[in-house]
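The structure under discussion appears below in the form of structure tokens.
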Amino acid sequence: MNILPREFYLRDTVTVAKNILGKKIIRRIGTKTISGIITETEAYRHMDDPASHAFRKITERNKVMFGQVGIAYVYFTYGMHYCFNVVARNPKIAAGAVLIRAIEPEKGIEEMLKNRNNAKLKDLTNGPAKLAQALQITKEHYGLDLTKNSKLYISEGVKPRKIVASPRIGIKEATDKLWNFKIKN
């Protein structure tokens, strides 16, 4: 169980968004462990990224993006969904985070199906809100240190064969940045 060290996240946010593909999210809920391989991410930086929550200024919502790397940034969106990010950035940049958009379920699939009200397996974790719901990631995880062996962390996984870059999904600004990354088989 090689948990990714803090140094992994202490690089350019876009680099981390690519390099975290194939890594494994581990979530412990009581005595149960569920996990999956990260298959899609998006990078969000600071002053050069008007689509980022950190672009304008530091707020209560985004303050962890300006803090220590390797920390969970969980936010509530559309009044009903949580999204899970990990703080990652070059030390010369003030803020940055990688949105974990999708995973390939690996362990605890029955538990994930239950958490998602028996969604179809192919649609179980193929979006950031679906992933958070399947793994029961909520505001309780905001600020959690993902470099420690706890109820939520990211570990080594598999090396992707091919990574595809495209525009980020659901944004109106900085649509020219190809900062959405997916594993392509």
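Placing a label point 7 Å from the Cα of Ile93 along the Cα-to-Cβ line, the residues of segment 5-30 whose backbone N sits under 18 Å from it are 6-21.
Since only Met65, Thr31, Tyr44 are under comparison, the one whose Cα sits farthest along the positive direction of the charge dipole of segment 1-100, derived from C-beta charges on Lys, Arg, Asp and Glu, is Thr31. Take the Cβ atoms of Lys184 and Leu121, set R0 to 25 Å, and the FRET efficiency comes out at 0.80. Taken about its Cα centre, the chain carries a charge dipole of about 180 debye when Lys and Arg each add +1 at the Cβ and Asp and Glu each add -1 at the Cβ. Is the C-alpha gyration tensor of segment 1-129 telling us rounded, prolate or oblate? Criteria: a/c under 1.5 is rounded; beyond that, a/b larger than b/c is prolate, otherwise oblate. The shape class here is prolate. Applying a DSSP loop filter and a limit of 13 other Cβ atoms within 10 Å to the trypsin sites (Lys or Arg not before Pro) in segment 19-68 leaves Arg56, Lys57, Arg61. Accessible area per residue for segment 1-156 is 46 Å², calculated with a 1.4 Å probe on protein heavy atoms, without ligands, DNA or RNA. The longest part of the chain holding none of the exposed loop GluC sites (Glu not before Pro), meaning those outside H, G, I, E and B in DSSP with at most 12 other Cβ atoms within 10 Å, is 61-172.
Projecting the Cα atoms of Ala165, Ile109, Ile154 onto the charge dipole of segment 79-185, computed from C-beta unit charges around the Cα centre, puts Ala165 farthest toward the positive end.
For the residue pairs Lys57/Lys182; Lys63/Lys122; Lys107/Lys182; Lys24/Lys184; Lys23/Lys122, alpha carbon separations beyond 23 Å are given by Lys57/Lys182; Lys63/Lys122.
Estimated at 0.36 nm per residue, the fully extended path between His81 and Lys148 surpasses their Cα-Cα distance by 21.6 nm.
Rounded to the nearest 0.05, the FRET efficiency derived from the C-beta distance between Gln68 and Glu106 at R0 = 41 Å is 0.90. Only protein atoms count toward the accessible area here, which uses a 1.4 Å probe; on the chain, the carbon and sulfur part of that area reaches 52 percent. Each residue, Asp176 and Arg56, gets one label point 7 Å from its Cα in the Cβ direction; the gap between the two is 2.3 nm. Our helix-only sum for the chain, with -39,500 (n - 2.57) per DSSP H run of n ≥ 4 divided by its residues, gives a mean residue ellipticity at 222 nm of -3000 deg cm²/dmol. Could you tally the net charge around Ile71, taking each other residue with its Cβ under 12 Å from the Cβ of Ile71, Lys/Arg +1 and Asp/Glu -1? Charge balance near Ile71 sits at +3.
The values are calculated or read from the model by the stated rules, or taken from the named source; none is laboratory data. Everything quoted here is computed from the prediction, not taken from an experiment. No Cβ is skipped: glycine too gets one built from the backbone with ideal geometry, and neighbour counts run over all protein chains shown. For accessibility, only protein heavy atoms count, side chains too; no ligands or nucleic acids. Shrake-Rupley method; radii C 1.70, N 1.55, O 1.52, S 1.80 Å.
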